[in-house]
1. Checking the conditions here, which among A33, A26 is within 14 Å of R65 (Cα to Cα), modelled with pLDDT of 95 or more and of a type outside the set (D, E, K, R)?
2. Looking at segment 44-89, which of the residues that are farther than 23 Å from A26 by Cα and hydroxyl-bearing (S, T, Y) is surrounded by the most Cβ atoms within 10 Å (Cβ to Cβ)?
3. Would you please list the contacts, defined by Cβ atoms under 6 Å and residues six or more apart or on different chains, that run from a residue in segment 73-102 that is closer than 26 Å to T51 by Cβ and polar (S, T, N, Q) to a residue that is surrounded by 10 or more Cβ atoms within 10 Å (Cβ to Cβ) and modelled with pLDDT of 95 or more?
4. Are any residues in segment 46-72 farther than 12 Å from D9 by Cα and among the acidic types (D, E), and if so, which ones?
5. Are any residues in segment 46-63 of a type outside the set (V, I, T) and farther than 25 Å from E17 by Cα, and if so, which ones?
6. Is at least one residue of segment 41-50 touching a residue at least 12 places away in the same chain (Cβ under 8 Å), more than 16 Å from T78 (Cβ to Cβ), touching a Pro at 6+ places or on another chain (Cβ under 8 Å) and not β-branched (V, I, T)?
7. From the residues in segment 1-40 that are acidic (D, E) and within 19 Å of I63 (Cβ to Cβ), which one is farthest from the chain's Cα centre (by Cα)?
8. Pairs under 6 Å by beta carbon, first residue in contact (Cβ under 8 Å) with a residue 12 or more places away in the chain and under 17 Å from A67 (Cβ atoms) in segment 2-17, partner in a loop (DSSP other than H, G, I, E, B) and among the charged types (D, E, K, R), six or more apart or different chains?
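The values are calculated or read from the model by the stated rules, or taken from the named source; none is laboratory data. Just so we're clear, the structure is a prediction, and the values are computed from it rather than from any experiment. All Cβ positions, even for glycine, are placed from backbone atoms using ideal geometry, and neighbour counts span all protein chains on display.
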Amino acid sequence: MKKYIIERDIPRVGTLEGEQLRQAAAKSNEVLAQLHPDIQWSESFVAADKTFCIYLANDEAIIRRHAELSGFPATKITEISKVIDPTTGEDCGVAASKKSVA
């Protein structure tokens with residue numbers, strides 16, 4: 001499966017509280033169960049008027065189907081080609097020599 005980030009424009013989503021977020025997640029999970037095994041939800045980040053969701057999916061079409069069935073818009077879908085983090089900037093040789101200095 002490929003990894004995607006889905007940007008969802010949802011006005012005032014950042015104001016939702018625990019029970020409302022639980023209900024939204026439960027609705028998403030219900031639809032995911034119908035579409036399994038072609039799509040998996042990893043996590044979502046909630047901002048003021050958007051969510052940014054990380055999914056594993058066979059293709060964009062299954063993400064759009066999830067959006068249609070769940071009622072959560074898929075405003076923009078972007079395939080993630082690579083992932084970097086702070087350790088990406090570490091030089092393996094330098095990191096190894098730092099460990100041996102101690």
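1. Details: A26 fails: within 14 Å of R65 (Cα to Cα).
Every option except A33 fails the conditions.
2. Only one residue fits best here, namely T78.
3. From segment 73-102, the pairs are T75/E7; T75/R8; T75/D9; T78/I5.
4. Selection gives D59, E60, E68.
5. Selection gives L56, A57, N58, D59, E60, A61.
6. yes
7. So, considering only residues that are acidic (D, E) and within 19 Å of I63 (Cβ to Cβ), the one farthest from the chain's Cα centre (by Cα) is E30.
8. Close Cβ pairs satisfying both conditions: P11/D49.
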